[in-house]
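Asker: Please find one structure pasted underneath; my questions will follow.
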Amino acid sequence: MYLAINSGVLTDWLKKFLSGSLDFFWSVVIALIVWFVGAKVIRFIRKVVRTALEKRDVDKGVAQFTDGVLNVACYVVLILIILNLFGIQTSSVAAAVASLGLTAGLALQGSLSNFAGGVLILVLKPFKVGDYIIEDTHKNEGTVAEISIFYTRLRTIDNKIVVIPNGTLANSSLTNVTTSDRRQIDLTFGISYEDDLKKAKEILYHIAQTTEKRVKDTDIQVFVRELAESSVNLGFRIWVPMDDYWSVLWEINERVKLTFDKEGITIPYNQLDVTLKS
């Protein structure tokens, strides 16, 4: 009699266990299917939204930011749907999130600041995708490649990617050098006090005049910038198209060095003379 009762209890327990395990197994299978299908749907929605924004000629930075926000929002909805499959009510999740809101807010303070910074960048537009900017705090510079939810990515001249938090860019000064179609090259060349000052200025002026990519309707400035301790520093300023700034800058530096050497103009540099006494 005792064994029969125990056998009946064990059988009932095994039935409940197997039934619960089977229900959980099918819930997992359905959840995986929902996740797979949901991810496909999210990609489709993002593609439709991106296409619509492109047709309306929306700023590329705004399109990237919107795509990032949409991606996060869609996956949050998908996760809530999957939780419902396991019997977890959305209201319970909302209550738990609300109770942890303060803690999460403190933990994610930096991320929220970066998100707000991204919104400010898109609204105030100190720069946009494709602009060349210089971040004054850490002197990072490059072409803006992407404005995402939390970070802005710059592509440097040597094709490196610099990632800067949006909060940093929104709350500090920066220089946008591509707001105009032209940019000024401002260089300093030192010559010796014994050299012919007028001849050096004529050489620099000739180099400026014969620079092919110079903007022709702008002034050329060659002047004495400073009488330094060991050199006479000459200023050199010309305007060039924005896209040709770096190539013209490197070309002028090379031409000045080669021409000064040919004409006997000395470029002073620091030297250390050592006298040995026996």
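The values are calculated or read from the model by the stated rules, or taken from the named source; none is laboratory data. Just so you know, these numbers come straight off a predicted model, no measurement behind them. Positions of Cβ are generated from backbone atoms using ideal geometry, with glycine treated the same way; all protein chains shown enter the neighbour counts. All accessible areas refer to the heavy atoms of the entire protein, side chains included, with ligands and DNA or RNA removed. Shrake-Rupley method; radii C 1.70, N 1.55, O 1.52, S 1.80 Å.
Asker: Report yes if some residue within the range 248-262 is hydroxyl-bearing (Ser, Thr, Tyr) and over 25 Å from residue 130 (Cβ atoms); otherwise report no.
Answerer: There is at least one residue in the range 248-262 that is hydroxyl-bearing (Ser, Thr, Tyr) and over 25 Å from residue 130 (Cβ atoms).
Conditions tested, residue by residue: (1) of a type in the set (A, V, I, L, M, F, W, C); (2) farther than 22 Å from residue 152 by Cα; (3) open to solvent by 80 Å² or more (accessible area, probe 1.4 Å).
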site	(1), (2), (3)
34	yes, yes, no
49	yes, no, no
55	no, yes, yes
67	no, no, no
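Asker: When the range 213-231 is examined, which residues are found to be open to solvent by less than 90 Å² (accessible area, probe 1.4 Å), under 37 Å from the mean Cα position of the chain (by Cα) and without any contact (Cβ under 8 Å) to a residue 24 or more places away in the chain?
Answerer: Those that are open to solvent by less than 90 Å² (accessible area, probe 1.4 Å), under 37 Å from the mean Cα position of the chain (by Cα) and without any contact (Cβ under 8 Å) to a residue 24 or more places away in the chain: 220, 221, 222.
Asker: Let me ask you something else. Can you tell me how many residues within the range 256-278 are in a helix (DSSP H, G or I) and either open to solvent by 90 Å² or more (accessible area, probe 1.4 Å) or touching a Cys at 6+ places or on another chain (Cβ under 6 Å) (or both)?
Answerer: 3
Asker: Restricting the search to the range 159-173, which residues are within 13 Å of the chain's Cα centre (by Cα) and either among the hydroxyl-bearing types (Ser, Thr, Tyr) or under 17 Å from residue 124 (Cβ atoms) (or both)?
Answerer: Hits for the range 159-173 are 164, 165, 166, 167, 168, 169, 170.
Asker: Which ones in the range 238-255 are within 15 Å of residue 209 (Cα to Cα), of a type outside the set (S, T, N, Q), part of a helix (DSSP H, G or I) and open to solvent by 30 Å² or more (accessible area, probe 1.4 Å)?
Answerer: 251, 255
Listed here are the residues, each with its yes/no results for (1) in contact with a helix residue (DSSP H, G or I) (Cβ under 6 Å, 6 or more places away or on another chain); (2) at pLDDT 95 or above; (3) within 14 Å of residue 187 (Cβ to Cβ).
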| site | (1), (2), (3) |
| --- | --- |
| 205 | no, yes, yes |
| 222 | yes, yes, yes |
| 230 | no, no, no |
| 236 | yes, yes, yes |
| 242 | no, no, no |
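Asker: Scan 110, 167, 61, 117 and give me the residue that is in contact with a Lys or Arg (Cβ under 7 Å, 6 or more places away or on another chain) and either at pLDDT below 80 or of a type in the set (Gly, Ala, Ser) (or both).
Answerer: Being in contact with a Lys or Arg (Cβ under 7 Å, 6 or more places away or on another chain) and either at pLDDT below 80 or of a type in the set (Gly, Ala, Ser) (or both) holds for just one of 110, 167, 61, 117, which is 61.
Asker: If you don't mind, another one. Could you please let me know if residue 195 is open to solvent by less than 40 Å² (accessible area, probe 1.4 Å) and part of a loop (DSSP other than H, G, I, E, B)? Give the derivation first.
Answerer: Values: open to solvent by less than 40 Å² (accessible area, probe 1.4 Å): yes; part of a loop (DSSP other than H, G, I, E, B): yes.
Considered against the rule, which asks whether it is open to solvent by less than 40 Å² (accessible area, probe 1.4 Å) and part of a loop (DSSP other than H, G, I, E, B), residue 195 comes out as yes.
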